[in-house]
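**Student:** After the structure tokens below, expect a handful of questions from me.
The values are calculated or read from the model by the stated rules, or taken from the named source; none is laboratory data. Computed from a predicted structure; not experimentally measured. Please note: Cβ atoms are built from the backbone with ideal geometry, for glycine as well, and neighbour counts cover all protein chains shown. Note: areas computed on protein heavy atoms with side chains; ligands, DNA, RNA excluded. Shrake-Rupley method; radii C 1.70, N 1.55, O 1.52, S 1.80 Å.
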Amino acid sequence: MAVNSNASLTALQVMRDAPVIPVIVLHDVAHAVPMARALVAGGIRMLEVTLRTPQALACMEAIAKEVPGAVVGAGTVRSPADAAAAAKVGARFAVSPGYTRAVGQACREHGLSLLPGVATGSEIMLAQEDGYTELKFFPAMQAGGPAMLKAWSGPFFDVKFCPTGGVTTGNAAEFLSLPNVACVGGSWLVPADALVQGDWARIEALARQASQLPR
Ligand code: 3PG
């Protein structure tokens, strides 16, 4: 799949590229490029860098400029300003913990494909009204886990989900076996202590393991 060009990506391309989208929290710009290289070496190219630290935007920019195999996305996008800032530094997709029309509109204006976060039927319906059929289920375990996804597969038969929140190596396979799950999201691929220790080999190994999960 030609995801490394500057052409716009669809949400489905973002979700289908690998079984897991890593949810990344970076506090140090120096970690960004070696971490991204390790993930790409392990087979994970879609990288969700969360807007939770003052360094997040600089980290995205460094990855977008210096790691050609990576596709940078912005996580924790909660406002139109977040979307604008992420697009400016080279993010190509966005993930939000919830959904508002303003965030959806801003992502469209800035050419970011968006995975809107949902946790209820009404939120799914609002996102669908605005044309979204690929959604993040957040927080997945806390909001009902695989059983909730099975229940949604009836009325929301045309929606694909990326469950995120409480997904681990222990339960990822169960989520991925569901027909309405295209991929999962999780922070376990980039442990905080591996970043601090510069243990890129560990991150690469975690990525490789994640990229080989069946779905
Ligand atoms: C988050 O918002 O931090 C993500 O949902 C990741 O959750 P996790 O740490 O449970 O994988």
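**Student:** What do you reckon, is G75 on the phi > 0 side of the Ramachandran plot, at pLDDT 95 or above and open to solvent by less than 60 Å² (accessible area, probe 1.4 Å)?
**Tutor:** Judged against the criteria, G75 is not a match.
**Student:** Hey, another quick one. List the residue pairs whose Cβ atoms are under 6 Å apart, where the first residue sits in the stretch 113-125 and is under 22 Å from M46 (Cβ atoms), the second is hydroxyl-bearing (S, T, Y) and modelled with pLDDT of 95 or more, and the two are 6 or more positions apart or on different chains.
**Tutor:** Going by the 6 Å Cβ cut-off, the qualifying pairs are S113/T10; P116/S96; P116/Y99; P116/Y132; G117/S96.
**Student:** Only one residue in A102, A127 is farther than 16 Å from L178 by Cβ, over 16 Å from the mean Cα position of the chain (by Cα) and buried (at least 24 other Cβ atoms within 10 Å of the Cβ), so which one is that?
**Tutor:** Details: A102 fails: buried (at least 24 other Cβ atoms within 10 Å of the Cβ).
Just a single option satisfies the conditions, and that option is A127.
**Student:** Here's another thing I want to ask about it. Name every residue in the stretch 28-80 that is within 17 Å of A205 (Cα to Cα), of a type in the set (V, I, T) and within 12 Å of the chain's Cα centre (by Cα), in order of residue number.
**Tutor:** Correct list: I44 only.
**Student:** Does the stretch 8-29 contain any residue that is at pLDDT below 95 and buried (at least 17 other Cβ atoms within 10 Å of the Cβ)?
**Tutor:** Yes: the stretch 8-29 contains one or more residues that are at pLDDT below 95 and buried (at least 17 other Cβ atoms within 10 Å of the Cβ).
**Student:** Being assigned to a loop (DSSP other than H, G, I, E, B), within 16 Å of the ligand (Cβ to nearest atom) and open to solvent by less than 50 Å² (accessible area, probe 1.4 Å) is the filter here, so list the residues in the stretch 131-151 that pass it.
**Tutor:** The answer is P139, A140, A143, G144.
**Student:** Of everything in the stretch 179-189 that's more than 10 Å from the ligand (Cβ to nearest atom) and open to solvent by less than 20 Å² (accessible area, probe 1.4 Å), which residue is nearest to the chain's Cα centre (by Cα)?
**Tutor:** By that ranking, first place goes to C183.
**Student:** Looking only at the stretch 36-49, how many residues end up being within 16 Å of the ligand (Cβ to nearest atom), aliphatic (A, V, I, L, M) and not in a loop (DSSP other than H, G, I, E, B)? Talk me through it step by step, then tell me what you get.
**Tutor:** Here is the first cut: in the stretch 36-49, the ones within 16 Å of the ligand (Cβ to nearest atom) are 39, 44, 46-49.
Adding the requirement that they be aliphatic (A, V, I, L, M) leaves 39, 44, 46-47, 49.
This time we only want the ones that are not in a loop (DSSP other than H, G, I, E, B), so: 39, 46-47, 49.
Residues that pass the stated criteria total 4.
**Student:** So F157 fits all but one of (1) closer than 23 Å to P214 by Cβ; (2) within 12 Å of the ligand (Cβ to nearest atom); (3) open to solvent by 20 Å² or more (accessible area, probe 1.4 Å); what number is the exception?
**Tutor:** (2)
**Student:** Answer with yes or no whether A94 is small (G, A, S), within 16 Å of the ligand (Cβ to nearest atom) and touching a residue at least 60 places away in the same chain (Cβ under 8 Å).
**Tutor:** no
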